[in-house]
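The structure under discussion appears below in the form of structure tokens.
We did not get these values from a lab; they are worked out from the coordinates using the rules stated. What you see is a predicted model, and the numbers here were worked out from it, not measured in a lab. As a convention, Cβ positions derive from the backbone with ideal geometry for all residues, glycine included, and neighbour counts pool all protein chains shown.
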Amino acid sequence: MKIILKEDVKNLGQKDEVVTVKNGYGRNYLIPTGKAALATESALKVLAENLKQANFKQEKIKNLAIENASKLEGLTLEIPTKAGSNGKIFGSITTIQIAQALKEKGFEIDRRKIVSDDIKFLGQYKATLNLHREVSVTISLNVVQE
């Protein structure tokens, strides 16, 4: 029996994959629980069209991420913060503060896409912005005393 998976099934396949299973497994478990649909001719055509549209949308998102990455390349952010006389910051610089500094420069980047080391002292640091699965860019951070 050929079926189209509607979600990832362990030891069977990924979402939108066409797989062959035994009749009982498909009819008694996968189809009734909504994990799969019967792979009819019309269902396969719908799947092909959906995959085509999804690929087009993903390509558009990727191109936008590449465009943003080229603009962000070589960017240095200056982040002012309160610090003691020995250069130790009161608290630490978080991804929220980095996202806020990027927003002030005109870039709307989600804080969950920013990866940086623990910043607890004044100085120069690097942060990685994961704009897409395949696109990431590294920016410089200059943490200065307020």
Check your understanding: What number goes with the only condition from (1) closer than 30 Å to Leu5 by Cα; (2) loosely packed, with under 13 Cβ neighbours inside 10 Å that Ala43 does not pass?
Key -> (2)
Check your understanding: Restricting to the stretch 57-71, what's the tally of residues that are under 13 Å from Ile109 (Cα atoms) and surrounded by 14 or more Cβ atoms within 10 Å (Cβ to Cβ)?
Key -> 3
Practice item. Can you work out which of the residues in the stretch 104-146 that are among the small types (Gly, Ala, Ser) and within 16 Å of Glu73 (Cβ to Cβ) is surrounded by the fewest Cβ atoms within 10 Å (Cβ to Cβ)? Key: Gly106
Review point. Would it be correct to say that Asn23 is loosely packed, with under 14 Cβ neighbours inside 10 Å and over 30 Å from Leu131 (Cβ atoms)?
Key: yes
Check your understanding: Within the stretch 7-40, restricting attention to residues that are β-branched (Val, Ile, Thr) and assigned to a loop (DSSP other than H, G, I, E, B), which residue is nearest to Gln53 (Cα to Cα)?
Key -> Thr40
Practice item. List every residue pair whose Cβ atoms lie under 9 Å apart, where the two residues are 6 or more positions apart in sequence or sit on different chains, the first residue falls within the stretch 72-100 and is more than 10 Å from Leu122 (Cβ to Cβ) and touching a residue at least 60 places away in the same chain (Cβ under 8 Å), and the second residue, located anywhere, is surrounded by fewer than 12 Cβ atoms within 10 Å (Cβ to Cβ) and aromatic (Phe, Trp, Tyr). Key: Lys82/Phe90
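A quick yes/no check of all residues on (1) among the hydroxyl-bearing types (Ser, Thr, Tyr); (2) more than 30 Å from Ile139 (Cα to Cα); (3) in contact (Cβ under 8 Å) with a residue 24 or more places away in the chain; (4) touching a His at 6+ places or on another chain (Cβ under 8 Å):
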{"residue": "Lys2", "(1), (2), (3), (4)": "no, yes, yes, no"}
{"residue": "Tyr29", "(1), (2), (3), (4)": "yes, yes, no, no"}
{"residue": "Leu38", "(1), (2), (3), (4)": "no, yes, yes, no"}
{"residue": "Asn55", "(1), (2), (3), (4)": "no, no, no, no"}
{"residue": "Gln58", "(1), (2), (3), (4)": "no, no, no, no"}
Check your understanding: Restricting the search to the stretch 82-130, which residues are more than 30 Å from Ile66 (Cα to Cα) and hydrophobic (A, V, I, L, M, F, W, C)?
Key -> Ala83, Ile89, Phe90, Phe121, Leu122
